[in-house]
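Let me begin by presenting the structure, written as structure tokens, before commenting on it.
The values are calculated or read from the model by the stated rules, or taken from the named source; none is laboratory data. Note that this is a predicted model, so its numbers are computed, not measured. FYI the Cβ positions are ideal-geometry reconstructions off the backbone, even for glycines, and counts take in every protein chain you see. Side chains included, ligands, DNA and RNA excluded: accessible areas come from the protein's heavy atoms. Shrake-Rupley method; radii C 1.70, N 1.55, O 1.52, S 1.80 Å.
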Amino acid sequence: IIFYRPKITPIITDADGNIYTSVKIGTQEWMVENLKTSTYSDGTSIDSISGGDTWMDLTSGAWCNYKNNSDYDTIYGKLYNFYAVETEKLCPIGWHVPTENEWTVLTDYLEDNGHRGAEGTVLKSTSGWNLGHYGTDDYGWKGLPGGRLQQPYFGGFSTLNLLGAWWSSSEIGTTGKAYYRDMYISHGTVGRGLDDKVNGYSVRCLK
């Protein structure tokens, strides 16, 4: 007699008690949802700051919701500045914000498995993107277009439903800039760029 043991998905919780799921892609295990915590893994609160001059003057960790509207939190998670990322306490214990190289491990795996030029398409969610530019979500990563905060350069909050953008944990020396990865509505690839550490992006955690 053969007994089949049901697959049990571990429950992942952050310091606020938010629950996440995960997916394995190649050798990596990623959270499926964007981070929502308002508390570091050591129990310290992260400052909640509205967009505006106060946010742009920060040199410490902070979060906000897109357009300061908590209704967006459930779907898209929070936007964090890089100062929160560099504490190394943003993700739940046992998880971390991926480095630039770890993002490359993900995109290289997708390229090597038949998705060259469509790495972003297979990571994007099958809903939530404007104009029907949905992804195929082949790997269950569920990439959502949660927008970003770039004040005052592009008018503050922008690109909801058009762009998903996530910090890496890699910065460039003392330039005040760090790497991020993004997926744009009409692009099939995963983009890579540098931005000022003060700006607000989504965060995905890696085990």
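Of note:
- Among the residues making up region 176-187, a single one is touching a His at 6+ places or on another chain (Cβ under 8 Å) and open to solvent by 30 Å² or more (accessible area, probe 1.4 Å): S186.
- G173, sole failed condition from (1) among the small types (G, A, S); (2) part of a loop (DSSP other than H, G, I, E, B); (3) touching a helix residue (DSSP H, G or I) at 6+ places or on another chain (Cβ under 6 Å): (3)
- Residue count, region 93-112 (criterion: open to solvent by less than 30 Å² (accessible area, probe 1.4 Å) and either farther than 29 Å from G173 by Cβ or under 12 Å from the mean Cα position of the chain (by Cα) (or both)): 4
- Residue in region 136-175 that is surrounded by the most Cβ atoms within 10 Å (Cβ to Cβ), counting only those that are of a type in the set (S, T, N, Q) and touching a residue at least 60 places away in the same chain (Cβ under 8 Å): S168
- Long-range neighbours under 6 Å by Cβ, at least six apart or interchain, first residue assigned to a helix (DSSP H, G or I) within region 68-93, second surrounded by fewer than 16 Cβ atoms within 10 Å (Cβ to Cβ): N68/S50; Y83/S60
- Residues satisfying the stated conditions in region 38-57, i.e. open to solvent by less than 30 Å² (accessible area, probe 1.4 Å) and more than 10 Å from L90 (Cα to Cα): G51, G52, W55
- Yes/no for G26 being in contact with a strand residue (DSSP E or B) (Cβ under 6 Å, 6 or more places away or on another chain), in contact (Cβ under 8 Å) with a residue 60 or more places away in the chain and open to solvent by 20 Å² or more (accessible area, probe 1.4 Å): no
- Filter result (in a helix (DSSP H, G or I) and of a type in the set (D, E, K, R)) within region 94-135: E100, E102, D108, E111, D112, E119
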